[in-house]
1. Check T337, T307 and return the single one that is surrounded by fewer than 16 Cβ atoms within 10 Å (Cβ to Cβ) and either within 26 Å of G467 (Cβ to Cβ) or out of contact with any Asp or Glu (no Cβ under 9 Å at 6 or more places or on another chain) (or both).
2. For segment 521-553, name all the residues that are open to solvent by less than 30 Å² (accessible area, probe 1.4 Å), over 16 Å from Q503 (Cα atoms), assigned to a strand (DSSP E or B) and aliphatic (A, V, I, L, M).
3. Output the residues belonging to segment 69-89 that are surrounded by 20 or more Cβ atoms within 10 Å (Cβ to Cβ) and either in contact (Cβ under 8 Å) with a residue 60 or more places away in the chain or in contact with a Pro (Cβ under 7 Å, 6 or more places away or on another chain) (or both).
4. Counting only residues that are over 15 Å from the mean Cα position of the chain (by Cα) and either over 28 Å from F462 (Cα atoms) or among the polar types (S, T, N, Q) (or both), give me the strands (runs of 3 or more DSSP E) lying completely in segment 246-311 with at least 2 of them.
5. Restricting to segment 399-440, count the residues that are open to solvent by less than 30 Å² (accessible area, probe 1.4 Å) and in contact (Cβ under 8 Å) with a residue 60 or more places away in the chain.
6. I need the strands (runs of 3 or more DSSP E) fully contained in segment 439-491, keeping only those with at least 1 residues that are closer than 22 Å to Q426 by Cβ, at pLDDT below 90 and of a type outside the set (S, T, Y).
7. Against the definition (in contact with a Leu (Cβ under 9 Å, 6 or more places away or on another chain), buried (at least 21 other Cβ atoms within 10 Å of the Cβ) and either closer than 21 Å to S30 by Cα or not aliphatic (A, V, I, L, M) (or both)), how does Q353 come out, yes or no?
8. Has segment 227-239 got any residue that is more than 20 Å from V156 (Cα to Cα), among the aromatic types (F, W, Y), in a strand (DSSP E or B) and under 19 Å from the mean Cα position of the chain (by Cα)?
Amino acid sequence: MIHRIHLTILFCCFVLLSFAQSWGDYTLYSVRNTNLAYLIDLNNNVYKTWTFNTTDKTGYSSYLLPGGILLRTVYYTPNVFAGGGQTGRLQKVDWNGNILWDFVYCTSTYSMHHDICPMPNGNVLLICYELRTAAEVTQAGGTFIGNMWSEKIVEVKQTGLNTFEIVWEWKVWDHLVQNVDPGKANYKPSIANNPQLININYKASKDWIHMNGIDYNPILDQIVVSSHNFNEFWVIDHSTTTAQAATGTGGNSGKGGDLLYRWGNPAAYNVSGTNVFRVVHDSHWIPEGGPNAGRIAAFNNQGVSTTRSSVDQVIPPRVEYLYTISLGSAFAPSTYTDRHQCNGYSSNESGSQSLPNGNLLVCMAMSGLMYEVNPAGTTVWSKQASGIVSKAYRYRACYLTNPAPPIPVISINNDNLVSSAAATYQWYRNGNLIPGATTQTFTPTQNGIYVVRITDAGNCHFVYSSGKAFTGSSSVPEVPPDSKLNVYPNPTSGMVTLNIEAQDVIQIDIFDAHGRFIDTYERTSAFDLSSFDAGIYFVKIKLKRGETAKKILLQK
């Protein structure tokens, strides 16, 4: 009996010790406005230090790329956008301190600021201020008098040591709404019925939106950004072209660059609900490989109170590439799904990282405190730095030494999807994991957009393909070709019907004779033009098997 008790005690101690263990090997952090970056082990010993020129001060965030390459933001002067979190410059540096990429993205009309996001394809997403003049503000229906700093997101590709190419771009200014002046652009009577658009008159000021965190989801091909002043995070479609991103159509979602999902402050789009975020930073998806994957997390600076911060998680109401909402109501959920009450308070900046073993790494920026807490709430690691640490991240040793394998390529062979060779495979359709689809070849039974995730032999890196559309011999309903798809009656006095089932229609967009977007309808084969003025209208119809356009004459 005594022997069994001893064994039980030993077993319990082993479980508790295992449960309390930290994850990973090294923590990366930089103190803002210094020229150093540190990689420390779990005993807080400095494993690696990068030392930069004294003028190359850390602006905000720093990340490690596979193989031990450092990607960092740098404070650039002079800079007319003198808000907090200013950067303006980006550097990529190898393990030995050699500069691999160094460029400035800062002029009198735009500047990168706050966070960046390294992408699997080697490109980088930048959050950027974009100056809009007082005249542009007025024409857009804004009531603010003066220049405004709008926002844009650009994806940059390296072309040389100091050069880059913008390969994709999204602008807030293309997705505005206002309900104060019917004579100005972007007018819609109801803000609440247009949550996909951004109210130019919500808390209008010079530094109006103040984005501060950005992340990319390779499975969904979507981006999430957080806005300090709106107290929300926004999800947008990255699968669009730049031209589509300036509209409300196109991409996997069919929504173009309109907001797919927003959460944290329903008042920002004139609906009732709880204002959960009170100063939000560091929006990001919880990645695969651990608990709560697929949730969106963010740092809530005044989440618990004005003296205690929190890290809040949300389960989005996602259905494939879209997010459900009842117009006039707030996006679900009504409050956070899960909350970690932080070990203190940070009035600004800060971030977190959900670790594969269920632990949470928290960075309290303003105090310089970094700590790791397990699911039971026990702090299993901490580090106190001297100065402001905007973000900190944990990495495994193999991440530093192993370059990531090439992005997998999907080919179609006799209605089979075949991935390029890798150690392991996992297939997805329309953003959803397919259970059991873990071999190099997958035979789809439905049309859709397929992605494969691979790993290297050491299971150190997750790498994802870009989406591959499959329209093989699956059971998607046939739709009439362009020559046989009709709209009737035409001319019409209002109601218009398509000769196709509603289930086969993804989206219908209405444009006036000058090409200006008027309205949109989803998953319907009928729409009503009676509220518009008489004249010619163009209808863009997106179907499950392509797109077409029709011209309609509205008579009254």
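The values are calculated or read from the model by the stated rules, or taken from the named source; none is laboratory data. Quantities reported herein were computed from a predicted structural model and do not represent experimental measurements. Cβ: placed from backbone, ideal geometry, glycine included. Neighbour counts: every protein chain shown. Just the protein is used for accessible areas: all its heavy atoms, side chains included, with ligands, DNA and RNA removed. Shrake-Rupley method; radii C 1.70, N 1.55, O 1.52, S 1.80 Å.
1. Details: T337 fails: either within 26 Å of G467 (Cβ to Cβ) or out of contact with any Asp or Glu (no Cβ under 9 Å at 6 or more places or on another chain) (or both).
Matching residue, one of T337, T307: T307.
2. V539, I552
3. Selection gives F81, G85.
4. On the way: elements: 261-263, 280-285, 296-305.
Of the strands (runs of 3 or more DSSP E) lying wholly inside segment 246-311, those with at least 2 residues that are over 15 Å from the mean Cα position of the chain (by Cα) and either over 28 Å from F462 (Cα atoms) or among the polar types (S, T, N, Q) (or both) span 296-305.
5. Going through segment 399-440 one residue at a time, the tally reaches 4.
6. Working: elements: 448-455, 462-464, 468-470.
So the answer is 468-470.
7. Numbers: in contact with a Leu (Cβ under 9 Å, 6 or more places away or on another chain): yes; buried (at least 21 other Cβ atoms within 10 Å of the Cβ): yes; either closer than 21 Å to S30 by Cα or not aliphatic (A, V, I, L, M) (or both): yes.
For Q353, the condition - in contact with a Leu (Cβ under 9 Å, 6 or more places away or on another chain), buried (at least 21 other Cβ atoms within 10 Å of the Cβ) and either closer than 21 Å to S30 by Cα or not aliphatic (A, V, I, L, M) (or both) - is met.
8. From segment 227-239, those more than 20 Å from V156 (Cα to Cα) are 227-234; that's our starting set.
Imposing the further condition that a residue be among the aromatic types (F, W, Y) reduces the set to 230, 233-234.
Okay, now just the ones that are also in a strand (DSSP E or B), so 233-234.
Narrowing further to those that are under 19 Å from the mean Cα position of the chain (by Cα): 233-234.
Looking for residues that are more than 20 Å from V156 (Cα to Cα), among the aromatic types (F, W, Y), in a strand (DSSP E or B) and under 19 Å from the mean Cα position of the chain (by Cα), one finds at least one in segment 227-239, hence yes.
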